């Protein structure tokens, strides 16, 4: 018997990596996603100016066209928005906010949803009914109602002054809390299908604990739909954030996210300033697209019926 | 691969979702097109008019709103009315004189007929004032009035409870109604003069005024047709025989209807479409400085830094309101340095806009907060033209003098509650005075807050200067207009020197019509176009 291979070596020789490296679409998506993540999360290092500091821009520079156009200035490679902010910097900062909110909210949704779904599906009975009715009640409230409710509490507690600081955690909380039932229901359905199978029976016969069976045996087999939902939910969360910003419950207007940039820029598209909405629009579409493609690949990989051998 | 296509399609639909609204707008404009084609353009001069909304009723006393007053000027005539230059000109009253402190005598035109054929006399004025004082919406405005007394058939005295300087301005709101026509009960046994907001009433569906037009046909929310009143008393008027009023609430559709020739006259024109209208050879655009002032109120009680006069001055000097008008409002506003625009009693010509960044920085350095401070601000995002963008620009401007502003914007439905609760240090408010008078701004926006009298009801900055209050109260009973004007100008000067508020701009009013009409002559800053005087070539 060979000495135990290191984790790195095991990873390098795994089918996971092999399949990934040989799927060009997945590889390209992954590279694009990494670039976007690095640019977004490292916005302060890559952006020429800080658009969230209101003293760095001037209204008199508003709606300048991109540098490659006739009246463009080299200072603003992708033009400026209606307040005179450099579009390139604003997009990077905006993407950072959108990414943090998108992934943060989905992590929270997934966490609540998976735990509730597993418990509900595995234990069944009254606990199941109670949890699922709770999910129904939660679903019947729209995201906006939850948002208004939670932000009213936050505002009473912190006042308008803290608003800029609490906006991101608040949005993660609101979007995360409003949409967990999506996960809970999907996971519960998969658990119901899995728990009758022989391997679960076997695990139970050996005398494994319920927790171990739930999380180590059933959960991995219910993950493929979870991944699919997640890719959609990340995009959804970014969109919800843009909508909430408009109602005055999202990011402050002085800290535009990718979504609110597109939203605001749309008003200017007919008056000729198309760049305010088009560039962030392209970035958002690409971001959502690569996340979706990666999700697709992962689901195919995890689905044993599509095992390509 | 199929999945990739699906995802691509999904991604694109995300982008396109926003465009959906626009396509719908284009569809909507098709409706008026069909309607307009039916109207024969042969002999009678027809004006096809599109407004954002149509009159809610035929009874002018049901609602106090711009739309209802515009309707009143078409179907009724006031005793006196505003001219374009802000003076008051005769209508049904050809002259007037002050008899004593509390009484103004109006001499009425003879031979004026109502649409019903009844003769117009002094008793109709008496009856109308009594009805105004019963109307939910108007009784507040007419509170200073005691009664109207008919001296003879063509002379009437308006008596106020105390000397009242605005009597003549208020007379522009008295549109005599046909007392005989509206008296008694209708076939349902209900009184004809009942003022009913939403349900049936005789007055809601019948009219008899002395105005240039009669209502021929009305389908609420769809179309209202007016025809010229054959026996109209004023020979010296326009030549429009028919008006077809179509309400088009959507801004883009309204402009599209004008551009495609489906309508002849639209109001208001949204700022983003001004250029399109102006550059069209067949159309004319009339823009007038309106009287709605947009301001920011600074609350020195909430934030002690804002109580420092130097800081208040610095803020006013730091806000580049000219820049806001040029870039955000696209020139569609007039830069303000005081509350009342030109033509108002309190307007002081030598109060100039104050943007000067160096001076602002210097003032900050001299103040007790040389290193700046943090404060909060709220603004609505769907109430005034570009309100959210204006607030955002102010945040950036104030950051240049070291003031860090945390801004929160919200829809108007939530905004007014927050505004009243004074949740932030800087709050945005726009104001249009119902009385078209300077004092009205100060009464609501800057007099000391007093829950009992209602003064300072929208003074969210809690600015309070006893001198200002005294001057405004004195101006209310001052009947000598020159003296009154001096008092109000004094008020504006004090407010200017105290930096009582941050003046931004006055929103403009706009009307667009086809060429070949004297549009510019019939409109005014009150936004009551006198369609009776419109001449179509």
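The values are calculated or read from the model by the stated rules, or taken from the named source; none is laboratory data. Being a predicted model, the structure only gives us computed values, none of them experimental. We place every Cβ from the backbone using ideal geometry, glycine too, and count neighbours over all the protein chains shown.
Comparison of B:526, B:427, B:476, B:489 shows that the only residue that is in the same structural domain as residue B:407 (by TED's automatic domain parsing), in contact with a strand residue (DSSP E or B) (Cβ under 8 Å, 6 or more places away or on another chain) and touching a residue at least 60 places away in the same chain (Cβ under 8 Å) is B:427. Within the stretch B:154-178, the residues that satisfy the criterion of being over 27 Å from the mean Cα position of the chain (by Cα), in a loop (DSSP other than H, G, I, E, B) and over 18 Å from residue B:91 (Cβ atoms) are B:161, B:162.
Counting only strands (runs of 3 or more DSSP E) that fall entirely inside the stretch B:342-451 and contain at least 2 residues that are more than 27 Å from residue A:166 (Cα to Cα) and more than 9 Å from every other protein chain (Cβ to nearest Cβ), the qualifying elements are B:426-431. Considering (1) surrounded by fewer than 23 Cβ atoms within 10 Å (Cβ to Cβ); (2) in contact with a helix residue (DSSP H, G or I) (Cβ under 7 Å, 6 or more places away or on another chain); (3) modelled with pLDDT of 90 or more, the lone condition that residue B:466 does not fulfil carries the number (2).
Here A:218, A:232 are screened, and the one residue that is within 27 Å of residue A:264 (Cβ to Cβ) and either within 14 Å of chain B (Cβ to nearest Cβ) or in contact (Cβ under 8 Å) with a residue 40 or more places away in the chain (or both) is A:232.
Taken as a whole, the condition of being farther than 30 Å from residue B:375 by Cβ and at pLDDT 90 or above applies to residue A:186.
Residue by residue, here is whether (1) crowded, with 19+ Cβ neighbours inside 10 Å; (2) within 11 Å of chain A (Cβ to nearest Cβ); (3) touching a helix residue (DSSP H, G or I) at 6+ places or on another chain (Cβ under 9 Å); (4) assigned to a strand (DSSP E or B) holds:
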residue: B:295; (1), (2), (3), (4): yes, no, yes, yes
residue: B:306; (1), (2), (3), (4): yes, no, yes, no
residue: B:310; (1), (2), (3), (4): no, no, yes, no
residue: B:324; (1), (2), (3), (4): yes, yes, yes, no
residue: B:327; (1), (2), (3), (4): yes, yes, yes, no
residue: B:330; (1), (2), (3), (4): no, yes, yes, no
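When the residues of the stretch A:41-65 are narrowed to those that are within 14 Å of chain B (Cβ to nearest Cβ) and touching a residue at least 40 places away in the same chain (Cβ under 8 Å), which ends up surrounded by the most Cβ atoms within 10 Å (Cβ to Cβ)? Checked the stretch A:41-65; the qualifying residue surrounded by the most Cβ atoms within 10 Å (Cβ to Cβ) is A:51.
Yes/no per residue for (1) part of a helix (DSSP H, G or I); (2) out of contact with any helix residue (DSSP H, G or I) (no Cβ under 9 Å at 6 or more places or on another chain):
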position: B:56; (1), (2): no, no
position: B:62; (1), (2): no, no
position: B:74; (1), (2): yes, no
position: B:84; (1), (2): no, no
position: B:106; (1), (2): no, no
position: B:111; (1), (2): no, yes
position: B:116; (1), (2): no, yes
position: B:125; (1), (2): yes, yes
position: B:128; (1), (2): yes, yes
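Considering the stretch A:248-289, the residues that are modelled with pLDDT of 85 or more and surrounded by fewer than 20 Cβ atoms within 10 Å (Cβ to Cβ) include one that is nearest to the other protein chains (Cβ to nearest Cβ), namely A:285.
Against the test of being assigned to a helix (DSSP H, G or I) and within 20 Å of residue A:253 (Cα to Cα), the options A:60, A:37, A:118, A:107 yield a single qualifying residue, A:60.
Working only within the stretch B:221-232, note down all residues that are crowded, with 18+ Cβ neighbours inside 10 Å and part of a loop (DSSP other than H, G, I, E, B). Answer for the stretch B:221-232, where residues must be crowded, with 18+ Cβ neighbours inside 10 Å and part of a loop (DSSP other than H, G, I, E, B): B:229, B:232.
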